[in-house]
Amino acid sequence: MNRHDDGPERTFAALPPARGKAFAQSWWGRAWLKALEDTALDLAQLKTGRRLARAGAVGAVSVRPGRLTAVVQDRDGTARRADVLLSELTPAQWDRFLDMAVERAGHVAALLDRDMPPHLVEDAAAAGVELLPGIGDLEPECGCDAWDHCGHTAALCYEVARLLDQDPFVLLLMRGRTESALLEDLQARTGASVVAESDEPAGVDAAEAYAAGDILPPLPAPPGLPAEPGTPPALDTATPPAPGIDPPALEYLAARTAVHAHRLLAQALEGALAAELTAGQDAVRLAAGDPAREVADRLADGSGRGPEGLATAVRAWRLGGPDALSVLDEERPVEGEALARARAALEAAWDADERPRLAARDNRWTTAGSAAQLRLGRDGRWWPYRREQGRWQPAGEPTRDPATALATAKLPPGDGDAR
């Protein structure tokens, strides 16, 4: 179906099998899979659904607000109608989403150009609107009469990742707003963005406030998150710098600190402060901002990683921040319950005839005969790595499914990496 045949329902033709490659190719497809796998309660059903979807068993998919529908065929050819329900956003949530988009000129320009920038998910979450599904958000209904998610509904969920590769606006349709309706709302808001002026005087009368005694009004709400980080003052002055002061490096440090402070404020307003970074982690964070060559060389020396090691650490940081750095640097034993869970996940990830040979050493499983590796994070997620020019490099974002992580690790360099 042409993506501009926009209406309350869209139907996508059945897609061919997807064997031998990563299931989702775009950022939006991978983000949907990550949300699906991170919130799944039954990994066995996910495995069955992934196998059916890869085999091309999912028929044409109908997408409309709050519901996905498709016919899925079992291995024996039995056809089942599968439906997955996802709550639509409320009018108030749509208002917050549109207000957020209007406040950020880049989002408005992208959406009006019929593009969905990846940062839209983070910015919408900061405004209290979750676009991707969370735990329990995907409600199944299937003709096989399963009481919870089955292989058929799981296969339909996996197929959505491939639809998002084609058109990420599918996600907004599932949440209740068609593409044309969204664009009309945006155009209406950007064309009539006027701040109303009040005739009421600001504040309260001092005598009234004093007479109220200890009856105090509630504290005002905290200020909203600024749309962008602040811009530090320029250091381009006629005064020569003091000995040992490097103005370009200082300007870069101030700019990256403003970005980091903006991120910390967003987390604080959400009630989820991040752990303090170590000096080594902070050096990698600074290097991830693409500093000038002189500053990058100083960070490489100061971090003790050297230029190549710092480049690898930056690549990991862009995929997962401090968690990704820990996986890059740590080679730790996996024991007890954690080892049992890891082995169970590896056993369930492939059919017996498809299971690769993996050599285990601590938290790293390396494939025999190929330059691909799985690394297990402390939170149970699998990180894909590939060997490039004699060095193990992070190859993509983590996932709960080792098969998906290994498929990402086997992609050609650049296909699954952070940009």
Q) From the list [x] 21.7; [y] 24.0; [z] 29.3, can you say which value of mean projected area of the Cα convex hull in nm² was derived from the structure given? A) [z]
Q: State the percentage of accessible surface on the chain attributable to carbon and sulfur atoms; use a 1.4 Å probe and exclude ligands, DNA and RNA.
A: 53 percent
Q. Regarding the stretch 52-154, what are the three Cα extents along the principal axes, ordered largest first, in Å?
A. 52, 26, 18
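Arrange the residues Lys47, Lys410, Lys34 by how much accessible surface each exposes, largest first, with a 1.4 angstrom probe. Working shown, then result.
On the way: Lys47 45, Lys410 120, Lys34 65 Å².
Highest to lowest solvent-accessible surface, that is Lys410, Lys34, Lys47.
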Q: At 1.4 Å probe size, with every protein chain present, just tell me what the per residue accessible area of the stretch 50-194 comes to in Å².
A: 42 Å²
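May I ask you to rank Trp32, Trp27 by accessible area, largest first, using a 1.4 Å probe over the protein chains only?
Details: Trp32 0, Trp27 80 Å².
Solvent-accessible surface, decreasing: Trp27, Trp32.
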Q.
Just to be sure I understand: with springs between alpha-carbon atoms less than 10 Å apart, which residue in Gly302, Gly336, Gly59 has the highest mean-square fluctuation in the Gaussian network model of the chain?
A. Gly336
Q. For the stretch 329-353 and the stretch 367-385, what is the separation of their Cα centres, given in Å?
A. 10 Å
Q) Taking the chain as a Gaussian network, where each spring joins two C-alpha atoms under 10 Å apart, which residue of Pro394, Pro91, Pro240 fluctuates the most? A) Pro240
Q | Residues with amide H under 5 Å from that of Gly56, placed H, sequence gap 5 or more | A | Ala18
Q.
Can you compute the modelled spin-label distance between Leu358 and Gln187, with each label point 7 Å from Cα toward Cβ, in nm?
A. 5.1 nm
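For the stretch 335-419, report the accessible area per residue in Å² (1.4 Å probe, heavy atoms, rounded to an integer).
Working: 4340 Å² over 85 residues.
It amounts to 51 Å² per residue over the stretch 335-419.
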(Q) Please compute the length gained on full extension between Asp76 and Ile135, using 0.36 nm multiplied by the number of residues separating them and subtracting their Cα-Cα distance. (A) 18.1 nm
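The values are calculated or read from the model by the stated rules, or taken from the named source; none is laboratory data. This structure is a prediction, so every number in the text was calculated from the model and none was measured. No Cβ is skipped: glycine too gets one built from the backbone with ideal geometry, and neighbour counts run over all protein chains shown. Heavy atoms of the whole protein, side chains included, go into the accessibility calculation; ligands, DNA and RNA do not. Shrake-Rupley method; radii C 1.70, N 1.55, O 1.52, S 1.80 Å.
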